[in-house]
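Have a look at the structure below before the remarks.
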Amino acid sequence: MGLRRIPPGAIVAGGVLALALGLPGCGKFFPPLTSTSGGGSGTGGSSGDYIYAGNAGTNPYTVAGFSLANSALSSISGSPFDLGTGIEPTALAISPNDDYLYVGSPGGDIYVYTINSSGTISLGNSGAPVATGVAPAVLKVDPSGKWLLGADYDLGDAYVYQIGSGGTLTAISSSVVTLNESTPATDLEITPNEDYVYVSCGTAGIYTMSFNDNDGAMAQVNSVLNPKDSGDADYGMAISPSGDYLFAAETGIGAVREFSIASNGTLSEASGSPYKTATGPYGVLVDSTGSYVYVTNRTEGTISGFTISSSGALTAVSGSPFATGSLPEQMVEDKSDTYLAVVNAGGNPDLEIFTIGSGGALTKLTTATTGTDPTVASSIAATH
């Protein structure tokens, strides 16, 4: 939920980015959406198991909403619905208490939506953006729910906002970190203890920032971790629940790299890394138990699954890789920690739900369309 979208065809055979496209990398149904004053008319803090998928190929731009209950996926009434803002929903983030859904776009600005108790969403802040002058490629709310962090598509910056009443945002100006102005961000991850933030920036590698969840202070520390080989690009990342390991999908070598995280935030490549995936590794997810890591293979149209041993070593899950639709990108685990959901930018289908079985094997539960194709469903978020 936050990876910078790559247009179809940007990854060619072998997972190498087509440089000619100029993509170096970092720098149950909803009723119709309504605009309300402040935080919206609902009670907020939904207890439901909801999944939201951003459609970047529709006009106007839309988000589709779904409910997972009793092992079935149901679309919310009125879905997909017009966001009412005119921005491409490529960066989605939900607060830990499920009060707010933040939507950002490389086209500019961030908007907030209240997630009501029924799972409906309402455009907040009287329909005005809660942040302007930014073009986030990725957004993440920290585990405390006090801060919204983002990394930019255009500026090559990472930044922090304090979350206020109604989901409004206040910029922490001293916490703007310039990464690389010529290489847009591709993903951002926060360690469970909130001490460090990592931002992947395509061919520019992975940046490490210190973070203080008391005051929102963020600053770059340590040196930039370069891709394994020249011309490779780092895309999706995920951190184990223990905070011991960071996993990063890297094109070119067609693999997921594993790093141990030291107490000072330093990343050290683990023994056995990198681990081969299929072509075009892109999104990464570690399940809530810390037992499995999954990687979407955008070029091949599959998900690679690995078991994480007590020593951190990865072993391919039986049956891996698992077939998906065209151009799988982002993944989320649902609120029950039972299912894995993936959006496919190329469709066929737009959204897939897999059951995470014994040993980490993925079994397809159901599929869904997120709108009138081509929707280019490329961002996803789930309630916690």
Just one of the numbered conditions (1) within 19 Å of G283 (Cβ to Cβ); (2) in contact with a Leu (Cβ under 9 Å, 6 or more places away or on another chain); (3) surrounded by fewer than 17 Cβ atoms within 10 Å (Cβ to Cβ) is not true of Y198; which one?
(3)
Filtering the stretch 241-258 down to residues that are buried (at least 22 other Cβ atoms within 10 Å of the Cβ) and not in a strand (DSSP E or B) yields T251, G254
Unique match (being in contact with a helix residue (DSSP H, G or I) (Cβ under 9 Å, 6 or more places away or on another chain) and charged (D, E, K, R)) among D287, D244:
D287
Tell me the strands (runs of 3 or more DSSP E) entirely within the stretch 259-358 that contain at least 2 residues that are within 21 Å of the chain's Cα centre (by Cα) and modelled with pLDDT of 95 or more.
281-286, 292-297, 302-308, 326-333, 339-347, 351-356
Candidates P184, P192, P136 - the one that is surrounded by fewer than 22 Cβ atoms within 10 Å (Cβ to Cβ) and under 19 Å from the mean Cα position of the chain (by Cα)
P192
Return the residues of the stretch 141-167 that are under 20 Å from E88 (Cα atoms) and in a loop (DSSP other than H, G, I, E, B); say none if nothing qualifies.
Y153, D154, L155, G156
Out of T277, T266, T299, which single residue is of a type in the set (S, T, N, Q) and over 22 Å from V138 (Cβ atoms)?
T266
For the stretch 227-253, pairs from a residue that is under 15 Å from T183 (Cβ atoms) to a residue that is among the β-branched types (V, I, T) and in a strand (DSSP E or B), with Cβ under 6 Å and 6 or more apart or across chains, are D234/I206
Please indicate, with yes or no, whether at least one residue in the stretch 94-106 is more than 19 Å from S175 (Cβ to Cβ), surrounded by fewer than 22 Cβ atoms within 10 Å (Cβ to Cβ), at pLDDT 95 or above and among the aliphatic types (A, V, I, L, M).
no
Checked against (1) within 21 Å of G236 (Cα to Cα); (2) of a type in the set (V, I, T); (3) surrounded by fewer than 18 Cβ atoms within 10 Å (Cβ to Cβ), V332 satisfies every condition except (3)
Which residue is farthest from the chain's Cα centre (by Cα), if the candidates are limited to the stretch 120-133 and must be assigned to a loop (DSSP other than H, G, I, E, B) and of a type in the set (A, V, I, L, M, F, W, C)?
A128
Meets criteria (over 25 Å from G371 (Cβ atoms), part of a loop (DSSP other than H, G, I, E, B) and not aromatic (F, W, Y)) for E88
no
For the stretch 57-72, what are the residues that are assigned to a strand (DSSP E or B) and over 21 Å from the mean Cα position of the chain (by Cα)?
A69, A72
When you go through G84, G48, G108, G54 one by one, which is the residue that is under 24 Å from V376 (Cβ atoms) and over 18 Å from the mean Cα position of the chain (by Cα)?
G84
Condition broken by G44, with the remaining ones in (1) at pLDDT 95 or above; (2) assigned to a loop (DSSP other than H, G, I, E, B) satisfied:
(1)
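The values are calculated or read from the model by the stated rules, or taken from the named source; none is laboratory data. Note that this is a predicted model, so its numbers are computed, not measured. Quick reminder, even Gly has a Cβ in these numbers, built from the backbone with ideal geometry, and neighbours come from all protein chains shown.
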